[in-house]
Every structure is written in structure tokens, then in C-alpha cells.
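Right, one structure below, let's go through it.
The values are calculated or read from the model by the stated rules, or taken from the named source; none is laboratory data. What you are looking at is a predicted structure, and each value in this text was computed from that prediction instead of being measured. Every residue, glycine among them, receives a Cβ derived from its backbone with ideal geometry; neighbour counts consider all protein chains shown.
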Amino acid sequence: MASETYARFAAGVVDMLAPLGAVTHRRFFGGQGIVCGEVQFAMILGGVLYLRVDAALAAQLKTHGAQPFVYGTRKRDVEVASYYSVPEECLDDEELFVDWARRSLAVARQHHVPKSAKKTTRRRKPTT
């Protein structure tokens, strides 16, 4: 049920991001990934929208109450400083949100490694 809710939320976000071009969403670790071309620049997990950030965008988001993405392991919580939440009230300011998303997409593109450039591992032949 939650995945359907996240998909509806993601569809609404994608509609808001139409000015960025061909933005879509897809399943991503029990939530949704927001993608432009091959580049994922946002995600929805636990009902929260997170944007990929650099230091400058993170600082701006923090002034609005944003928090870094955090997930728990058996031993501790892990903070992922490259993704920050988008405060819900900021989603109402479409111009501000689209600007943040545009900057987030630029950050994600800087760090994106195309699939064709990723290292492939070769299987070893079994020894007999």
C-alpha cells in the first residue's frame, strides 16, 4: 500500500518538475527514485522527498529546516549527507522547488557515471 502512495506522490513531483524536461519516477528501495534521463537526482523514502545536494544547496535547504537522509543499521544510524529532505511547506512554492531540483540535477549529473563507463567484472572460468 505504501508503495502506491509513494508512486502517487512521485507522479505529483514529476508533474511539478516538467520544466526540467523528461523527468520520470521508478521504484527504488521500497520508495521511488526521481530520474532525468539516466540520472537519479531525488528519491522518496518513508514518505519524504530528498534531493541530491552539494554543500551550497544543503546549506540553503537547512535554512528551511531540511535534514540529511538517515537510515539505520543494526549497529548505528548512517547519515547520507549527499541527500537532504525537502520541507513539505517548500513544495507549495513551485518556483523555489523547481530551482532546487534544477540545482540538484546539476549536482547529480556531476557525479553520474554512465552505465557504459562503469567497470564490468569478468567471470573467471571454473578450474577443473
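Write out, first by first residue and then by second, each pair whose Cβ atoms fall under 6 Å of each other, whose residues are 6+ apart or on separate chains, and whose first residue, in the stretch 77-92, is at pLDDT 90 or above while the second is of a type in the set (Ser, Thr, Tyr).
That search, which allows pairs on different chains as well, returns Tyr83/Tyr50; Ser85/Tyr50.
For residues that are over 14 Å from Ser104 (Cα atoms) and polar (S, T, N, Q), scanning just the stretch 7-52, find the one that is surrounded by the fewest Cβ atoms within 10 Å (Cβ to Cβ).
Restricting to residues being over 14 Å from Ser104 (Cα atoms) and polar (S, T, N, Q), the top hit is Thr24.
Just give me the residues in the stretch 14-58 being assigned to a helix (DSSP H, G or I) and touching a residue at least 60 places away in the same chain (Cβ under 8 Å), in sequence order. Walk me through how you get there before you give the answer.
Residues of the stretch 14-58 assigned to a helix (DSSP H, G or I): 14-16, 18-20, 55-58.
Result: Met16, Pro19, Leu20.
Quick check: is even one residue across the stretch 53-75 among the charged types (D, E, K, R), at pLDDT 85 or above, crowded, with 20+ Cβ neighbours inside 10 Å and within 14 Å of the chain's Cα centre (by Cα)? Spell out how you get there, then give the answer.
Initial filter on the stretch 53-75 (among the charged types (D, E, K, R)): 54, 62, 74-75.
Add one more test, that the residue is at pLDDT 85 or above, and what stays is 54, 62, 74-75.
Narrowing further to those that are crowded, with 20+ Cβ neighbours inside 10 Å: none.
Checked against the condition, which is being among the charged types (D, E, K, R), at pLDDT 85 or above, crowded, with 20+ Cβ neighbours inside 10 Å and within 14 Å of the chain's Cα centre (by Cα), the stretch 53-75 yields no hits at all.
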